């Protein structure tokens, strides 16, 4: 209702409020990106579009991540340190071009998330945009900012999507921090944002969607606001600051030693430079074994195993849920060894459901069906930190196959050996089906297997060799892929162990580093 043309005039109530750029931007800038954009080459979200000199806002882009990145204006950071008047003029021209084309409400380009990110990015670089602007241009930019901020205020509390509500609250706090034409209401904006965050984070600081990619996107904005609030000395900042710190700790916990978050529940490859910048602005990482937000994390020596118990997010937070119950990812040092395929790229919506399946994860499945818990609540899980052991059970197959699956993961020998056991627990008189266990190998790993032996050798890109051993199952290899924002899909291999389901059936397997 509030987006109907008849009512949109209410958004202009603060159209004449003046803002001053007062938000820090800690993200790295790339001067080469400025030169590329000025030549009509826009590399955003790892996708390159050449406009041939036309406005990027005029082209029909079929890549949602690229389109969202363009309209969020996160690329303005690359102009942060430019001194050349022509480069500054180019940045201002793009902003004015957007206002001319998209300044009136459009459902796609005015989502609360995009509007909030755009407002924050304009405020971070407002001095750049107004430097050299004519009075009319400056008023146009300020008026557009005021209208977008007012739309966040009017629409934020009405949003059906909780993530949209959260981004609206983030954008409104940023606007209050930069409000110079009126008495800013910073404390109330902080309190509102903290209340929304409290409803959307678990006690460990992980967003209820359980998506590390969304966690990073939120921290990118919140870290900037936290730094700005530190300068203002808001008395109600302490609780929000502590909450943001816990969010940092949760993201660090779900980051493998290879430097990338686990590919679970909508998280694929994230911008590494942004991840490093965000982590550098958080508390010192405390890397230890723990349970967190439905994930089990086991660390020993240079190795880390992160597994998903399959915890089902609450209603409203399930949009990116994957069938990854009992799946794990395993890294040793800087090398990923076992991972998951990741979500389908945004320009492949037809494959979205395919990459959410259990078979796209390093997990056990029955008859290739997904293990999606029917009820909420943390599935049975046990962590023994002293023994570096994690035990998880999935009851998702109990009704259809009269069986549950228990998985045990143990790191031995200072992390140089990973031992796994996958057991069938009968929950009826006649458990049935075929148990398959998949291990999606990281890009670049070569498999050497001599037929008839219960062992295969894995040659990693850095030259180290790991042995893979198993018993209680038939072994074969299959093709696999791993999502890459930069290269599309990496073609990889997967190891598959299979056996018939019988009461007490067990498959044991080991990854162990060969000493050279």
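Bear in mind these aren't lab numbers, they're just calculated from the coordinates by the rules spelled out. Since the model is a prediction, treat every value here as computed from it, not as a measurement. Note that we place each Cβ from the backbone using ideal geometry, even for glycine, and neighbour counts take in every protein chain shown.
Some points to look at:
- Mean Cβ count within 10 Å, highest first, over the residues of peptides 184-190, 207-213: 207-213, 184-190
- Spherically averaged projected area of the convex hull of Cα atoms, segment 123-223: 7.4 nm².
- Cα-based Kirkwood hydrodynamic radius, segment 414-502, one decimal, Å: 15.1 Å
- FRET efficiency for residue 182 and residue 474, using Cβ-Cβ distance with R0 set to 56 Å, rounded to 0.05: 0.20
- Degrees, to the nearest 10: 112-124 long Cα axis against longest axis of the chain: 60 degrees
- Inter-label distance, nm, simple model (7 Å from Cα along the C-beta direction), residue 427/residue 191: 4.6 nm
- Euclidean distance between Cα centres, segment 295-332 to segment 389-405, Å: 16 Å
- Residues residue 231 and residue 288, FRET efficiency given R0 of 30 Å [Cβ-Cβ distance, rounded to 0.05]: 0.35
- Approximate spin-label separation residue 18-residue 82, in nm, with each point projected 7 Å along Cα-to-Cβ: 2.6 nm
- Across segment 228-274, the convex hull enclosing all Cα atoms gives 105 Å³ per residue.
- Extension gain, residue 467 back to residue 376 (0.36 nm per residue minus Cα-Cα distance, nm): 29.0 nm
- Spatial offset of segment 250-274 relative to segment 47-89 amounts to 26 Å, using the alpha carbon center of each.
- Percentage, to the nearest whole number, of Cα pairs in segment 291-513 over 28 Å apart: 26 percent
- The share of C-alpha pairs in segment 406-456 whose separation exceeds 16 Å stands at 67 percent.
- Between 0 and 90 degrees, the angle of helix 237-253 with respect to the longest Cα principal axis of the chain falls at about 40 degrees.
- Listed from fewest to most Cβ neighbours within 10 Å, the set 374, 226 follows the order 374, 226.
- For segment 216-300, the share of alpha carbon pairs falling in successive 5 Å distance bins from zero is 3, 13, 25, 23, 19, 9, 6, 3, 0 percent.
- Amide N of segment 289-323 lying under 15 Å from the label point, which is placed 7 angstrom from the Cα of residue 414 along Cα→Cβ: 300-304
- In the chain, helices alone account for a calculated mean residue ellipticity at 222 nm of -9500 deg cm²/dmol, with every DSSP H run of four or more residues adding -39,500 (n - 2.57).
- Computed over every Cα-Cα pair of the chain and binned at 10 Å starting from 0, the pair-distance distribution P(r) comes out as 4, 18, 27, 23, 15, 9, 3, 0, 0 percent.
- Acute angle (nearest 10 degrees) that the helix 186-200 long axis makes with the longest principal axis of the chain, alpha-carbon atoms: 20 degrees
- Counting every C-alpha pair in segment 1-161, the share spaced more than 21 angstrom apart comes to 46%.
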